[in-house]
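Q: My structure is below; once you've seen it, I'll send some questions.
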2 protein chains.
Amino acid sequence: MEKIKVISPATSANLGPGYDIFGLALSEPYDTITLSRSGGGISISVKGEGANKIPTDVDKNTAGVVVREIIKDFNIKEGVKIEIEKGIRPGSGLGSSAASSAGAAFAMNELFNLNLSKLELVKYASLGESISAGFPHADNVAPAIYGGFTMVVNYNPLEVLHIPVDFEVVVALPDIEVSTKKAREILPDSISLRSMVNNVGKACGMIYSLFKKDVELFGRCMMGDSVVEPYRSQLIPGYLEVKEKIKDLVYGITISGSGPGVIIIPKEGKISRIKEVLDEVWACPVYHTKVGTGIQILERN
Amino acid sequence: MEKIKVISPATSANLGPGYDIFGLALSEPYDTITLSRSGGGISISVKGEGANKIPTDVDKNTAGVVVREIIKDFNIKEGVKIEIEKGIRPGSGLGSSAASSAGAAFAMNELFNLNLSKLELVKYASLGESISAGFPHADNVAPAIYGGFTMVVNYNPLEVLHIPVDFEVVVALPDIEVSTKKAREILPDSISLRSMVNNVGKACGMIYSLFKKDVELFGRCMMGDSVVEPYRSQLIPGYLEVKEKIKDLVYGITISGSGPGVIIIPKEGKISRIKEVLDEVWACPVYHTKVGTGIQILERN
């Protein structure tokens, strides 16, 4: 194989009480990543949504770092040309950097026939996340690679649990800038034992609901976060207004990742009314999508 | 029906990261509770394990309170004679008071044909828990009534999720007194956000493991509690020694409820060696039992 083109989807991490653990693959939006064997070295080009904000230096680009590490570890003698077409706006809370790093890991595995497991792909992809977040977070790269719903229950050794699921979601992407750094800093260092008990219960309710295919319970528990959402909602003007106005139209709504993206689990037949509210408050891009199956190969030759 | 006799089992609450939420019904030990219609008023007699520590005043006895409340709410004109034979030592961390209150609620429902749902029985039984703990905790009464594994994900309104499961457990009951009050007071009021993330992940791993019938994962996650067990283990001399000595023989070990009882998920074929260690350190009662199906009717006439 000389060249491979994959689509790597947006992902929604946290999902309320699953802060830093849960992640959900979406069908849309997505990045398109093309890797080609080349004479030598790594080259990166980026176009599409917010491309001007993304560094193309190998050591600063999340896909570049992943490709560099795999080339090193597997002693690959060729170079790789990376072409990224961003469909996911950077800084959206929809795993934009994770889509590129996960897509790069997945595509390298195919291009050089490395036979890496999904867990190993998550490990490599999370190296890309290190450079954007300072820690090899896996909560976005895991669902991009596994599809469906994932939870990262352990680092060192990395352990990812996967549940294939299938339901509709609506994602809104208000035109607000929220830095991941600020979104972390706004959270308290310590919380009450009562809040922990609440969040453990609600998060466990979500896992139960996925096995029982009970989307109502999933959404309700997702909204039960008493630790993260109350703080982060302060960074997203209009969020509480939207939440109040659509409460009867949805099973659940919460902030996607560190925001400003918002993930909504709609009730049946309520999509158009939800869109009206979102348009009224934010007049922003809205994706009516569903849980996705993760990275897909588009072309190889 | 004039008389009903039920067995009401021990239960193990918390299970590590599921503090105040998770509960597991055991097959042994158990209380035997007999309710009979009587001319008027409520009478209580208690015999068996630690009977001398249990008040027989209706308003101070967990079963008495449950019977009193049901009589009041359903406007029952008869009296009830309550005979309790304790098989579960009070103050053991094995839901001794919960067994009596849950057994009383269950038996009242049968005796007077009240058609109460399991959730309603849990509500009544938790009223009994109020008098021993000051709050209508449902984490022990829920598994006694539902059997298997339960999680109390919400109070007001009460919401119990149930997973039927089936695996072996070993319970040790060292001869140590741990007051529930002291066991609560030793816990910190606040914890780090990192600790919460850890416990949410491990608790969710346990739910996942139950649906996947993966007892190894269940035990490993159960041992991942970084919030409660490190404090409560200080109240149980010998606990850390036992834990270290049996680590290769078990999938998991943790404190049952507020202790001193200890719950162990044994590896296959390791029971006798586990018992040797327990005998060496504590020389205490040990139950080799399994997850149970909750309260059972023994006789009715």
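Q: If you take the residues of the range B:145-159 that are open to solvent by less than 20 Å² (accessible area, probe 1.4 Å) and either in a strand (DSSP E or B) or at the interface with chain A (Cβ under 10 Å from one of its Cβ atoms) (or both), which of them is farthest from A:Lys202 (Cα to Cα)?
A: Step one: of the range B:145-159, the residues open to solvent by less than 20 Å² (accessible area, probe 1.4 Å) are B:145, B:147-153.
From what is left, the residues that are either in a strand (DSSP E or B) or at the interface with chain A (Cβ under 10 Å from one of its Cβ atoms) (or both) are B:149-153.
On the way: B:Phe149: 16, B:Thr150: 14, B:Met151: 10, B:Val152: 10, B:Val153: 6 Å.
Checked the range B:145-159; the qualifying residue farthest from A:Lys202 (Cα to Cα) is B:Phe149.
Q: Something else about it: Check B:Val178, B:Val169, B:Val141 and return the single one that is farther than 17 Å from B:Gly18 by Cβ, away from chain A (no Cβ under 12 Å) and within 16 Å of the chain's Cα centre (by Cα).
A: Values: B:Val169 fails: farther than 17 Å from B:Gly18 by Cβ; B:Val141 fails: farther than 17 Å from B:Gly18 by Cβ.
Of B:Val178, B:Val169, B:Val141, the one residue that is farther than 17 Å from B:Gly18 by Cβ, away from chain A (no Cβ under 12 Å) and within 16 Å of the chain's Cα centre (by Cα) is B:Val178.
Q: Which residue pairs have Cβ atoms under 6 Å apart, sit 6 or more places apart or on different chains, and have a first residue in the range B:12-26 that is at positive phi and more than 7 Å from chain A (Cβ to nearest Cβ) and a second that is aliphatic (A, V, I, L, M) and surrounded by 24 or more Cβ atoms within 10 Å (Cβ to Cβ)?
A: B:Leu15/B:Met222; B:Gly16/B:Met222
Q: Would you pick out the residues in the range B:103-117 that are closer than 21 Å to B:Gly257 by Cβ and open to solvent by 50 Å² or more (accessible area, probe 1.4 Å)?
A: none
Yes/no per residue for (1) within 11 Å of the chain's Cα centre (by Cα); (2) at pLDDT 95 or above:
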site	(1), (2)
B:Gly18	no, yes
B:Asp31	no, yes
B:Gly41	no, no
B:Lys47	no, yes
B:Val66	no, yes
B:Asn75	no, yes
B:Lys81	no, yes
B:Ile84	no, yes
B:Leu94	yes, yes
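Q: Take the conditions surrounded by fewer than 21 Cβ atoms within 10 Å (Cβ to Cβ), free of Cβ contacts under 8 Å to residues at least 12 places away in the same chain and of a type in the set (Asp, Glu) and apply them to A:Glu85. Does it pass?
A: On the way: surrounded by fewer than 21 Cβ atoms within 10 Å (Cβ to Cβ): yes; free of Cβ contacts under 8 Å to residues at least 12 places away in the same chain: no; of a type in the set (Asp, Glu): yes.
Answer is no for this residue.
Q: Take A:Lys245 and tell me if it is away from chain B (no Cβ under 13 Å) and at pLDDT below 95. Explain how you work it out, then say what you get.
A: Values: away from chain B (no Cβ under 13 Å): yes; at pLDDT below 95: no.
No.
Q: Given (1) outside any loop (DSSP other than H, G, I, E, B); (2) at pLDDT below 95; (3) surrounded by fewer than 23 Cβ atoms within 10 Å (Cβ to Cβ), where does A:Glu120 come up short, assuming only one miss?
A: (2)
Q: Separate question: Are any of the residues in the range A:42-53 in a strand (DSSP E or B), within 14 Å of chain B (Cβ to nearest Cβ) and not charged (D, E, K, R)? Quick ask: steps written out before the conclusion?
A: Here is the first cut: in the range A:42-53, the ones in a strand (DSSP E or B) are A:42-48.
If we keep only those that are within 14 Å of chain B (Cβ to nearest Cβ) too, we end up with none.
The answer is no; no qualifying residue exists.
Q: Return only the number of the condition from (1) under 19 Å from A:Ala133 (Cβ atoms); (2) out of contact with any Lys or Arg (no Cβ under 6 Å at 6 or more places or on another chain); (3) surrounded by 19 or more Cβ atoms within 10 Å (Cβ to Cβ) that A:Val6 does not satisfy.
A: Result: A:Val6 fails condition (1) only.
Q: Hey, another quick one. Out of (1) among the hydroxyl-bearing types (Ser, Thr, Tyr); (2) open to solvent by 50 Å² or more (accessible area, probe 1.4 Å); (3) under 22 Å from B:Ala144 (Cα atoms), the odd one out for B:Ser43 is which?
A: For B:Ser43, the exception is condition (3).
Q: Another question, if that's okay. If I ask for residues that are within 24 Å of A:Arg220 (Cα to Cα) and outside any loop (DSSP other than H, G, I, E, B), which ones from the range B:127-144 would you list?
A: Of the residues in the range B:127-144, the ones within 24 Å of A:Arg220 (Cα to Cα) are B:136-139, B:142-143.
Across the range B:127-144, the qualifying residues are B:Ala142, B:Pro143.
Q: Looking only at the range B:195-218, count every residue that is closer than 16 Å to B:Tyr19 by Cβ and of a type in the set (D, E, K, R) and tell me the total.
A: Of the residues in the range B:195-218, 1 are closer than 16 Å to B:Tyr19 by Cβ and of a type in the set (D, E, K, R).
Q: If the Cβ limit is 9 Å and pairs must be 6+ apart or interchain, which residue in the range A:117-134 that is free of Cβ contacts under 8 Å to residues at least 24 places away in the same chain pairs with which residue that is among the small types (Gly, Ala, Ser) and assigned to a helix (DSSP H, G or I)?
A: A:Glu120/A:Ala105
Q: Quick one: would you say B:Tyr251 is more than 14 Å from chain A (Cβ to nearest Cβ), of a type in the set (Ser, Thr, Tyr) and under 19 Å from B:Leu94 (Cβ atoms)? Lay out the reasoning, then the answer.
A: On the way: more than 14 Å from chain A (Cβ to nearest Cβ): yes; of a type in the set (Ser, Thr, Tyr): yes; under 19 Å from B:Leu94 (Cβ atoms): no.
For B:Tyr251, the condition - more than 14 Å from chain A (Cβ to nearest Cβ), of a type in the set (Ser, Thr, Tyr) and under 19 Å from B:Leu94 (Cβ atoms) - is not met.
Q: Here's a follow-up. Show the residue pairs meeting these rules: Cβ distance below 7 Å; 6+ apart or different chains; first residue within the range A:186-215 and more than 7 Å from every other protein chain (Cβ to nearest Cβ); second residue among the aromatic types (Phe, Trp, Tyr) and assigned to a helix (DSSP H, G or I).
A: A:Ile186/A:Tyr231; A:Met206/A:Phe218; A:Ser209/A:Phe218; A:Leu210/A:Phe218
Q: List the strands (runs of 3 or more DSSP E) inside the range B:171-283, counting only whole elements, that have at least 2 residues being within 30 Å of A:Ser190 (Cα to Cα) and open to solvent by 20 Å² or more (accessible area, probe 1.4 Å). Lay out the reasoning, then the answer.
A: Details: elements: B:190-192, B:250-255, B:262-266.
Counting at least 2 such residues, we get B:190-192.
Q: Restricting to the range A:61-106, what's the tally of residues that are in a loop (DSSP other than H, G, I, E, B) and under 14 Å from A:Ile44 (Cβ atoms)? Please lay out each step first, then the result.
A: Going residue by residue through the range A:61-106, those that are in a loop (DSSP other than H, G, I, E, B) are A:61, A:74-78, A:87-95.
Then keep just the ones that are under 14 Å from A:Ile44 (Cβ atoms); that gives A:61.
Counting residues in the range A:61-106 that are in a loop (DSSP other than H, G, I, E, B) and under 14 Å from A:Ile44 (Cβ atoms) gives 1.
Q: Please state which one of B:Asp59, B:Asp31 is in contact (Cβ under 8 Å) with a residue 24 or more places away in the chain, open to solvent by less than 10 Å² (accessible area, probe 1.4 Å) and of a type in the set (Asp, Glu).
A: Numbers: B:Asp59 fails: open to solvent by less than 10 Å² (accessible area, probe 1.4 Å).
Answer to the selection: B:Asp31.
Q: Same structure again: Taking B:Phe167 as the residue in question, decide whether it is crowded, with 22+ Cβ neighbours inside 10 Å, of a type in the set (Phe, Trp, Tyr) and within 27 Å of B:Cys284 (Cα to Cα). Quick ask: steps written out before the conclusion?
A: On the way: crowded, with 22+ Cβ neighbours inside 10 Å: no; of a type in the set (Phe, Trp, Tyr): yes; within 27 Å of B:Cys284 (Cα to Cα): yes.
Answer is no for this residue.
The values are calculated or read from the model by the stated rules, or taken from the named source; none is laboratory data. The model shown is predicted, which means the values in this text are computed figures rather than measured ones. Glycine gets a Cβ as well: all are built from the backbone with ideal geometry, and neighbour counts include every protein chain shown. The protein model used for the area step is the full one, side chains on, heavy atoms only, and it has no ligands, DNA or RNA in it. Shrake-Rupley method; radii C 1.70, N 1.55, O 1.52, S 1.80 Å.
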